[in-house]
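The values are calculated or read from the model by the stated rules, or taken from the named source; none is laboratory data. Here the structure is a predicted model, which is why all the values come from computation and not from measurement. Here Cβ is always computed from backbone atoms with ideal geometry, including for glycine, and neighbour counts include all displayed protein chains.
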Amino acid sequence: MKYLLYALLSGFLLAMGWPTYGFPILLFFAFVPLLYAEQHIRLKQAHNRKLKIFGLSYLSFFIWNLITTYWLYFSTPFGGIFAITVNSLLMALVFLIFHIVAKKVNFSASASFFISFWMVFEYLHLNWEFSWPWLNLGNAFSERTSWIQWYEYTGTFGGTLWVLLVNISLLKMLLLYEQYKEKAILYRGILKNGLLILVPIGISILILANYEESEEKLEAVVLQPNINPYTEKYNTNDTRIGQLLTELAEENITDKTKVIIAPETVFADGTILSDFRRSEANFFTREFVRKHPEISFLSGISMYDRFSDPSRVRSQSNQIGPNDWYDDYNSAFMVTANDSTRFYHKSKLVVGVENFPYQEVLKPVLGNVMIDLGGTVAMKTTQKERGVFELKDSEEVGPIICYESVYGDFTTGYVKKGADFLAIITNDAWWGETQGHKQHLSYARLRAIENRRSIARSANTGISAFINEKGEITSSLGYEQQGALRGEVTLNDRITFYTRHGNYIARVSQFLALFIFLFAMVPWKRSRKPV
């Protein structure tokens with residue numbers, strides 16, 4: 001029973017440490033009860049140890065996933081249940097493998113394996129087709145940006161490493177005290193762990209106090225049309241959308257405005273890619289730019305490209321008949337006064353909604369199973385490289401589409417291509433008035449710090465916002481408010497250490513985890529101490 005209570009405690013601590021309602025300080029203690037239970041079950045040589053460890057860890061991680069991401073159910077009930085149960089399962093398997101390795105090595109090696117293997121798991125979630133990095137530990141500090149200004153050097157994996165190191169250090173303190181019963185162990189442990197928490201925060205505050213944003217700026221206007229995706233979006237034609245966007249833009253621009261930004265797939269009629277020039281999206285944006293030649297217009301759009309040539313078929317193409325296929329795009333486009341139009345096609349797709357994972361293997365078994373999310377039931381076609389858009393006066397913007405903003409290393413691709421600032425276009429209404437859209441906005445603050453780029457965020461049904469280079473939200477337009485937000489973004493061409501090197505901490509962790517795992521599996525006798 002006490003081990004069950006430990007598992008419950010870990011689950012609730014993990015959940016209560018999460019943004020945007022939680023207290024991230026709790027994460028530094030959250031794994032300790034579960035790790036403590038694992039240590040005692042392992043050393044007792046009890047029967048069914050693996051089953052007990054798996055069950056207890058699954059309970060902890062299920063509580064964490066359920067409380068923090070329950071809102072997925074509101075957009076897709078099956079997808080929400082699948083994400084919560086399967087992600088909890090994956091986390092429990094990671095913990096079980098740690099338990100197996102820990103039985104064969106000493107405390108230092110097992111602790112190193114736990115930290116490195118957990119980061120391997122998070123790294124996997126950034127790169128495989130079932131990608132779901134929402135609960136990567138480094139994301140948890142998105143509401144405490146004054147604590148993590150050093151993310152420009154480490155990215156979110158620096159935060160993951162920080163959390164896990166403190167948890168392991170606290171566990172060691174408890175185990176040593178349990179063994180020797182000396183209060184000095186507690187005093188030293190409290191001091192040590194206090195420093196492990198406070199020193200990185202102090203370094204961050206020092207960086208923040210001395211950081212100077214770029215002085216070069218431009219004025220942008222982000223639009224929030226507030227079109228309900230369930231009842232209005234796919235029943236409102238592009239003509240009405242174009243009129244609404246034009247009205248919102250005209251009411252809020254000034255002589256200094258350089259760019260208008262409208263949300264993801266706001267033009268939802270399904271424009272033919274090759275026929276874009278005759279589309280309503282092109283007509284309204286080009287008319288606006290003709291009247292205001294100093295302003296560029298960036299917007300989201302749903303597009304497709306139909307073809308009969310079998311040589312053009314890709315793994316993401318959708319077949320609708322014999323020799324009849326189409327590629328479906330969730331895209332961004334930008335129109336400028338020099339008559340140029342640029343396109344970027346979303347590349348990080350929502351699993352089950354825009355992407356059928358491992359289609360070659362699963363489609364023969366499951367059939368053409370796709371989750372219907374407001375009308376989207378087709379495989380989306382992606383663009384291999386990031387794209388940037390050039391404004392009239394040569395400023396460059398990275399057009400990040402919705403879910404892409406959760407991926408740190410992915411976002412660096414826009415900056416490496418020359419983006420002076422970032423634009424996030426999204427539609428966050430799928431989850432209702434829950435933590436979902438708030439967390440999504442909050443994670444954008446991490447991308448600003450990692451790359452030291454200002455962000456202009458346009459969200460259909462909120463929250464639209466401006467975020468500065470320090471990850472601070474300077475202004476925002478609330479959920480379910482129709483309107484526009486005018487603000488300044490800085491133009492920065494400096495490349496941060498993280499932008500240049502990406503998730504190097506996770507890559508190193510792969511080698512460390514593999515080395516310890518192979519060492520643990522070698523069948524020779526080794527002396528092993530509990531701590």
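Can you tell me which residues in the range 264-295 are part of a loop (DSSP other than H, G, I, E, B) and under 18 Å from residue 380 (Cβ atoms)?
If we filter the range 264-295 for residues that are part of a loop (DSSP other than H, G, I, E, B), which is where we start, we get 264-266, 279, 292-295.
The answer is 264, 265, 266.
Within the range 128-139, can one find any residue that is in a helix (DSSP H, G or I) and either free of Cβ contacts under 8 Å to residues at least 60 places away in the same chain or assigned by TED's automatic domain parsing to the domain that holds residue 407 (or both)? Give the derivation first.
Filtering the range 128-139 down to residues in a helix (DSSP H, G or I) leaves 133-135, 137-139.
Filter again for either free of Cβ contacts under 8 Å to residues at least 60 places away in the same chain or assigned by TED's automatic domain parsing to the domain that holds residue 407 (or both), leaving none.
No; the residues of the range 128-139 include none that is in a helix (DSSP H, G or I) and either free of Cβ contacts under 8 Å to residues at least 60 places away in the same chain or assigned by TED's automatic domain parsing to the domain that holds residue 407 (or both).
Evaluation of residue 413 against the conditions (1) under 16 Å from residue 498 (Cβ atoms); (2) among the small types (Gly, Ala, Ser); (3) in a loop (DSSP other than H, G, I, E, B) shows that the sole unmet condition is (3). Do we find that residue 443 is touching a residue at least 24 places away in the same chain (Cβ under 8 Å) and part of a loop (DSSP other than H, G, I, E, B) in this structure? No.
Among the residues of the range 155-174, are any over 24 Å from residue 412 (Cα atoms), assigned to a helix (DSSP H, G or I) and in the same structural domain as residue 286 (by TED's automatic domain parsing)? Within the range 155-174, not a single residue is over 24 Å from residue 412 (Cα atoms), assigned to a helix (DSSP H, G or I) and in the same structural domain as residue 286 (by TED's automatic domain parsing). Being β-branched (Val, Ile, Thr), over 30 Å from residue 471 (Cβ atoms) and in contact with a strand residue (DSSP E or B) (Cβ under 6 Å, 6 or more places away or on another chain) holds for only one residue in 271, 246, 239, 265, and it is 271.
Okay, residues lined up against (1) at pLDDT 95 or above; (2) at negative phi; (3) among the hydroxyl-bearing types (Ser, Thr, Tyr):
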residue	(1), (2), (3)
486	yes, yes, no
499	yes, yes, yes
504	yes, yes, yes
511	yes, yes, no
519	no, yes, no
522	no, yes, no
525	no, yes, no
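Quick one: which of 204, 214, 308 is at pLDDT below 95 and polar (S, T, N, Q)?
On the way: 204 fails: at pLDDT below 95; 214 fails: at pLDDT below 95.
It is 308.
What is the residue count in the range 71-95 for residues that are among the aromatic types (Phe, Trp, Tyr) and without any contact (Cβ under 8 Å) to a residue 40 or more places away in the chain?
Going through the range 71-95, the residues among the aromatic types (Phe, Trp, Tyr) turn out to be 71, 73-74, 78, 82, 95.
Within this subset, residues satisfying the condition of being without any contact (Cβ under 8 Å) to a residue 40 or more places away in the chain are 73.
Matching residues across the range 71-95 total 1.
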